[in-house]
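The values are calculated or read from the model by the stated rules, or taken from the named source; none is laboratory data. These numbers were taken from a predicted model, which means no experiment stands behind them. Because the Cβ atoms are built from the backbone with ideal geometry, glycine has one as well, and the counts that use them run over all protein chains shown. Ligands, DNA and RNA are stripped out before the accessible areas are found, and what is left, the full protein with its side chains, is counted by its heavy atoms. Shrake-Rupley method; radii C 1.70, N 1.55, O 1.52, S 1.80 Å.
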Amino acid sequence: MANSTIIRTIRLEPVGGPPADRIIASSDRVTVIGRQSGCDSVLPDQSVSRRHASIAYMGGSWILTDMGSKHGSYLNGVHVPPGESAPLNDADVIRLGPFSFRIGGPNTAARMLTTQADAEVVSTRIHRVPQAELMLRAQHRLELLIDCAASITAATSEQQLAATVLDALMAGTGFARAAFVRRATTFDGLGASQVELVASRGQSPAGESSFTFSRSLIEAASAGQVVRLDEDSGVQDYGQSVMSLGIQAAICAPVMVDSAAVAFLYLDARRSEQRAPGSGIVQADAPAFCQAIARICGLALANLKRLELAGRQKQMEADLNAARSAQRLIMPKPTGNLGSLQYALRSRPGRFVAGDLVDIFPLQDGRVAILLGDVSGKGVGPALLMATAQAHLNASLRMNPDPARAASEVNQHVAAHSHEGQFISLWVGVIDPAAGQLTFVDAGHGHWLVKFPDQSPSRVFAKGGIPLGVDATFDYAAEEIPFPRGSRLILYSDGLAEQQNSAGDEFGLERIVAALANSTGPDRDVAALFDALLNFAVPPEAASYPDHIALADDVTIVSAVMN
């Protein structure tokens, strides 16, 4: 199974706050971030909770989940409520306490440009602009700022916002070129850092194919203050790269969202563009104008991020609701009697996965079919795959009550109609009351117990097989165990065993067996397991409303007894 599943990774690059290591999350596990030493990534600050947030890969999407942190998690400046989740995209900025991380890498369609490694040769030319200079002196600049503020805040996309901002900068500063860039989290083959060009204005000088950016200037502006590069220091040995570019002046203003520099407004002018002998390129209030535009831009960008995140969450909730509706439509009744077999079941949806499939139905010869599985992923796609797989299993078992044949047929269907990396873990069995026998196939499921009369619940160690959809040619084989009258079969999804409490401990097999110790039938099995699970998973502050707490995954439990 592990060798057949594609493992993906996502990088969180530190872009703000105290020094921190890059965080790499893998799709084959949940990555927990917090102050506690046992976390996958440790952020040593008192404002970071012991187990602050987690990142997981669910059905093609990366998900950020706040784990009930005290001071909150923020995505692109938007608060993610305790216990809630939000989907992640490239270039998103996550803030946990004072630490800010940017999701890498950038969109493959983005235009990436390598910055000039000029720290040693231009560091004496870069100056923070004094606060006294960050005052708008010219009345027409102020009027221009007021006129463009409405256009900036009315932008409906980052591209439109960038274009509006650059038009204002070109009109209000006198610089020949302006660019709206994001610092990328990738590196080229030579190890040079890159920036992502969102939009630009002005022509590149002859011999240049595109903008060239000073890495030192962008790094300096990352601290959150407007910086400029000029020749005031009198130092003429700027290095070959800067001399060949002929840069006389440049300004870089950070665009701040949630205390992090998420983008930069970059302007420069060359010596050949000086308008009059002896006159300077940088107008007196250009830094102040750039700062004012950058602040308005930051507010507008934050609003766009909030709207974008709200749209993502709305779409995710719509997909999940559709998936859960499909799940409810094909769900068997919660209790019932099928001949001599009595059963009870309950399913509770998790925070973002709606992929459990369950069915129990009689066959013509008096036998009863039971199945429980879990479709990888979330949303409408996995829900439709779940529904078609369940329909195929139902039809196949009614025609020929052979779990191995049914599993093989549905495996071919899933392999042909699922996306790469999508699969279904499944347990399918047929109970024969007359023979006192249970015939089953365990296709990568593994979560089930049998309680024989006068014995404790115990696991059945079976050969099993791989999940459906991994290998279309896999040949499943059925296995058999005795199932005399009075025996109980307890099936459950992995959401039960793998649910964690606030300390990060899993519910696990031992707690499952302990919860069933005094149970006397299917109804009590299901109720006892859910009661124990909620008592384990719900934090003390939410104990008064446990039914409102979202579990990490779907939890489905089925118990059946042979009377």
Sum up the charges of everything whose Cβ sits under 10 Å from the Cβ of residue 201, counting Lys and Arg as +1 and Asp and Glu as -1, but leave residue 201 out.
-> 0
Amide H within-cut-off set for residue 444, under 5 Å, with H built and near neighbours excluded | 426, 465
Report the FRET efficiency, 1/(1 + (r/R0)^6), for residue 310 and residue 150, where r is their Cβ-Cβ distance and R0 is 22 Å, rounded to 0.05.
-> 0.45
Total charge of the residues flanking residue 9 in space, meaning their Cβ is under 14 Å from its Cβ, with Lys and Arg +1 and Asp and Glu -1, is 0
Let a ≥ b ≥ c be the square roots of the eigenvalues of the Cα gyration tensor of the stretch 9-58; is it rounded (a/c under 1.5), or, if not, prolate (a/b larger than b/c) or oblate?
-> oblate
For an R0 of 45 angstrom, estimate the FRET efficiency from the Cβ-Cβ distance between residue 171 and residue 45 and round to the nearest 0.05.
-> 0.55
Given 387-398, 503-514, the highest-first ranking by average Cβ count within 10 Å works out to 387-398, 503-514
Listed peptides 340-347, 289-296, 306-313 by packing density, highest first (mean Cβ within 10 Å) | 289-296, 340-347, 306-313
Using the Karplus curve 6.51 cos²θ - 1.76 cosθ + 1.60 with θ = phi - 60°, work out ³J(HN,Hα) for each residue of the stretch 15-25 in order, rounded to whole Hz, and write x for Gly and Pro.
-> 10, x, x, x, x, 8, 7, 4, 10, 10, 9
Extension gain residue 321-residue 531, at 0.36 nm per residue separation less the Cα-Cα distance, in nm?
-> 73.1 nm
Cβ-defined net charge surrounding residue 524, 13 Å radius [Lys, Arg +1; Asp, Glu -1] | 0
Given a 1.4 Å probe and every protein chain left where it sits, what share in percent of the accessible area of the stretch 480-526 is carbon and sulfur?
-> 44 percent
In nm, the gap between the two label points placed 7 Å beyond Cα toward Cβ at residue 394 and residue 471 is 3.1 nm
Cα shape, the stretch 430-563, gyration tensor, a/c 1.5 rule | oblate
Which part of the stretch 31-52 falls in the paramagnetic zone of residue 503, meaning amide N under 19 Å from the point 7 Å along Cα-to-beta-carbon?
-> 32-40, 49-52
What FRET efficiency do you get for residue 364 and residue 510 if R0 is 51 Å and r is their Cβ-Cβ distance, rounded to the nearest 0.05?
-> 0.80
Here the residues of the stretch 284-317 lying in the modelled label zone of residue 89, meaning backbone nitrogen under 20 Å from a point 7 Å along Cα-to-Cβ, are 297-317
Of all the Cα-Cα pairs you can form in the stretch 352-503, what percent are over 23 Å apart?
-> 35 percent
Select from the stretch 56-88 those chymotrypsin sites (Phe, Trp or Tyr not before Pro) which occupy a DSSP coil region and have at most 12 other Cβ atoms within 10 Å, ordered by residue number.
-> none
